[in-house]
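The values are calculated or read from the model by the stated rules, or taken from the named source; none is laboratory data. Note that the coordinates shown come from a computational prediction; the quantities given were computed from them, not determined experimentally. For neighbour counting, all protein chains shown are included, and Cβ atoms are generated from backbone atoms with ideal geometry for every residue, glycine included.
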Amino acid sequence: MLLCFLFACGCELTEENPFVESSSGEDPSAEPSSLPASSEVFETTSVEDIVLPEEDTVLHFVACGDNILHPSVYYHGMEVYAEEHGQQCTYAAANDDNYDFHSIYEFVAPAMKEADVCYVNQETLFMGGTNAISGYPRFNSPEIIGATLYDLGVDVVNLAHNHMLDCGSDAAVKNSAAFFKNLGMTPIGYYSGTADTENIVILEKEEIKIALLSYTEHTNGIRNNTSTCIPYLEESLVRKQVALAKQQADLVVVSAHWGDEYRWNPTSNQKKYAQLFCDLGVDVVIGMHPHCIEPMEWKTNAEGHKTLITYSIGNFVSGMHEGMCHLEGMLKFDIRKDVDTGAVSVENPTFVPLVIHFEAGTSVNRSIDTGYRKFKIYYLSDYTAELAASHGIHKREKEFPGYQLNGGKFDLDCLYATVKAIIPAEFLPEEFR
């Protein structure tokens, strides 16, 4: 390009220095006493001096449903650990580190790690120490599951749900909250007392403040006889906390443990509180507890504020018998802060369908262990007809005819048909529309 420019200007290049113009009778190496009158002087600007326009800040939020360690799940973790270490699995359910759950999350781990904020509902809590590990109906899970969530990049862990008092006191929720906090994670749903409910949990990322609230409809009838305050889904508490949250944060996200188990559609109470959250200006509601997926929608209040409502994103990990419980979702959405106005909004909400897969194996304790093994979470888009046919749910499928997918069978067609029947197309990835 430079050579073409020089030739166009009538410059003659010398052999000794091809970039110096030759003039008859003059030393080409001599410095000119002055610049020709036609020459112009240009000021140069360094790269450091260039100021690029600022851009909006965008955070990517990922939410996953109920992480439930049934005995078959933690026996799976024992077997994986023993195999990795060349040991014989003894199935001694002590609260130690002899479990490995990482392989269950192998395919979804990248999305969790890459998220700016990753949320999981840890449905089964842990007391720690020498307390015996237990399953349904009163869970006490090994603490290593908490460390696994940390390894997966989880930022926010919900503790407010119907199993938070399973040990008969606040010991498990208190220990779990301390465990996650010590790892630098953000537990939500635990309040040391009534006064503590005024301390709104705020997660700040990239100068965006996200208020995190959490409520549960009930605690399976177990009464709380401690000073710990259980954040039950009650209007007075909701109104107080949302008002405080909106004063302190750019965005309000609510975790709602509500509804009826094994039900595709929201209850009247879910709809009542969804409307209240919308009226109060909450931005996102992450729903769970029914153990199956339920619809999503945008709701708009009188001021024009939009609230994203997910009534239930289903389970994440579980060893349940009902086919409908193993179709689930990962909720994704973006949080955008406008560089000019400072306004914060929720964009691109997407329900990414998942399947929790497992296979039938040999039970080591028939009173609590179903024998389900080889647990793995798959994206439904990557799931195959062959995997669906090998799912361990078929072992007990006929015993639970009322709790199956749309179409009555656990196969690929029914998985797709159920997603399309429950989740509005606007929230689904392209391949499911």
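Exactly one residue out of Ala245, Ala195, Ala211 is more than 19 Å from Ile335 (Cβ to Cβ) and small (Gly, Ala, Ser): that is Ala195. Any residue that is within 18 Å of Ile188 (Cα to Cα), part of a loop (DSSP other than H, G, I, E, B), within 18 Å of the chain's Cα centre (by Cα) and of a type in the set (Asp, Glu) - is there at least one of those in segment 273-283? Yes, segment 273-283 has at least one match. Scanning segment 189-239 for residues that are exposed (fewer than 14 other Cβ atoms within 10 Å of the Cβ) and hydrophobic (A, V, I, L, M, F, W, C) gives a single hit, Ala195.
Here is a check on your reading of the model: is Val346 surrounded by fewer than 20 Cβ atoms within 10 Å (Cβ to Cβ), at pLDDT 95 or above and within 21 Å of Met288 (Cβ to Cβ)? Yes; evaluated as a whole, the condition is true for this residue.
Look at Pro266 and say whether it is touching a Lys or Arg at 6+ places or on another chain (Cβ under 7 Å) and in a loop (DSSP other than H, G, I, E, B). Here the answer is no, as Pro266 does not meet what is asked. Confirm whether Lys420 is modelled with pLDDT of 95 or more, at positive phi, surrounded by fewer than 17 Cβ atoms within 10 Å (Cβ to Cβ) and under 25 Å from the mean Cα position of the chain (by Cα). Here the answer is no, as Lys420 does not meet what is asked.
Restricting to segment 301-328, and then to whatever is among the polar types (S, T, N, Q) and in contact with a Ser or Thr (Cβ under 8 Å, 6 or more places away or on another chain), can you tell me which residue is surrounded by the most Cβ atoms within 10 Å (Cβ to Cβ)? Out of the qualifying residues, it is Thr307. State whether the residues of segment 122-143 include one that is modelled with pLDDT of 95 or more and more than 24 Å from Asn220 (Cα to Cα). Scanning segment 122-143 turns up no residue that is modelled with pLDDT of 95 or more and more than 24 Å from Asn220 (Cα to Cα).
Taken over segment 349-395, the residue count meeting the criterion of being surrounded by fewer than 15 Cβ atoms within 10 Å (Cβ to Cβ), touching a helix residue (DSSP H, G or I) at 6+ places or on another chain (Cβ under 8 Å) and at pLDDT below 95 is 1.
Here is a check on your reading of the model: is Thr341 out of contact with any Asp or Glu (no Cβ under 6 Å at 6 or more places or on another chain) and free of Cβ contacts under 8 Å to residues at least 12 places away in the same chain? In short, yes.
Residues that are in contact with a strand residue (DSSP E or B) (Cβ under 8 Å, 6 or more places away or on another chain), in a strand (DSSP E or B) and without any contact (Cβ under 8 Å) to a residue 60 or more places away in the chain do occur in segment 232-243, at least one of them. Taking each residue of segment 256-267 that is of a type in the set (Lys, Arg) and looking for partners that are crowded, with 17+ Cβ neighbours inside 10 Å with beta-carbon atoms closer than 6 Å, six or more apart or interchain, yields Arg263/Pro290.
Cβ-Cβ distances below 9 Å connect the following pairs, each with a first residue in segment 176-202 that is of a type outside the set (Gly, Ala, Ser), a second residue that is surrounded by fewer than 19 Cβ atoms within 10 Å (Cβ to Cβ) and at pLDDT below 95, and a separation of six or more residues or different chains: Phe179/Gly128. In contact with a strand residue (DSSP E or B) (Cβ under 9 Å, 6 or more places away or on another chain) and in contact (Cβ under 8 Å) with a residue 60 or more places away in the chain: which single residue out of Leu165, Leu149 fits that description? Just one listed residue meets the conditions, Leu149.
Per the listing Gly65, Gly77, the residue uniquely of a type in the set (Gly, Ala, Ser), in contact (Cβ under 8 Å) with a residue 40 or more places away in the chain and assigned to a strand (DSSP E or B) is Gly65. Residue selection: Ile286 satisfies the criterion of being in contact with a Leu (Cβ under 9 Å, 6 or more places away or on another chain) and among the β-branched types (Val, Ile, Thr).
Yes/no matrix, rows are residues, columns are (1) without any contact (Cβ under 8 Å) to a residue 12 or more places away in the chain; (2) in a loop (DSSP other than H, G, I, E, B); (3) β-branched (Val, Ile, Thr):
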site	(1), (2), (3)
Cys89	yes, yes, no
Ala94	no, yes, no
Ile104	no, no, yes
Phe107	no, yes, no
Ala111	no, no, no
Val120	no, no, yes
Ala132	no, yes, no
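Of the residues making up segment 186-221, those that are more than 21 Å from Val58 (Cα to Cα) and not polar (S, T, N, Q) number 15.
Considering only segment 408-433, state which residues are more than 22 Å from Trp298 (Cα to Cα), outside any loop (DSSP other than H, G, I, E, B) and in contact (Cβ under 8 Å) with a residue 12 or more places away in the chain. Hits for segment 408-433 are Leu412, Leu415, Tyr416, Ala417.
Would you confirm whether or not segment 353-370 contains a residue that is in contact with a Cys (Cβ under 9 Å, 6 or more places away or on another chain), without any contact (Cβ under 8 Å) to a residue 40 or more places away in the chain and not polar (S, T, N, Q)? No; the residues of segment 353-370 include none that is in contact with a Cys (Cβ under 9 Å, 6 or more places away or on another chain), without any contact (Cβ under 8 Å) to a residue 40 or more places away in the chain and not polar (S, T, N, Q). All conditions in (1) aromatic (Phe, Trp, Tyr); (2) buried (at least 21 other Cβ atoms within 10 Å of the Cβ); (3) over 30 Å from Gly361 (Cα atoms) hold for Trp298, with the sole exception of (2).
How many of the residues making up segment 377-392 are assigned to a helix (DSSP H, G or I) and more than 18 Å from Gln404 (Cα to Cα)? The number of residues fulfilling the criteria is 3.
Looking only at segment 110-168, residues that are within 22 Å of Leu203 (Cα to Cα) and polar (S, T, N, Q) come to 4 in all.
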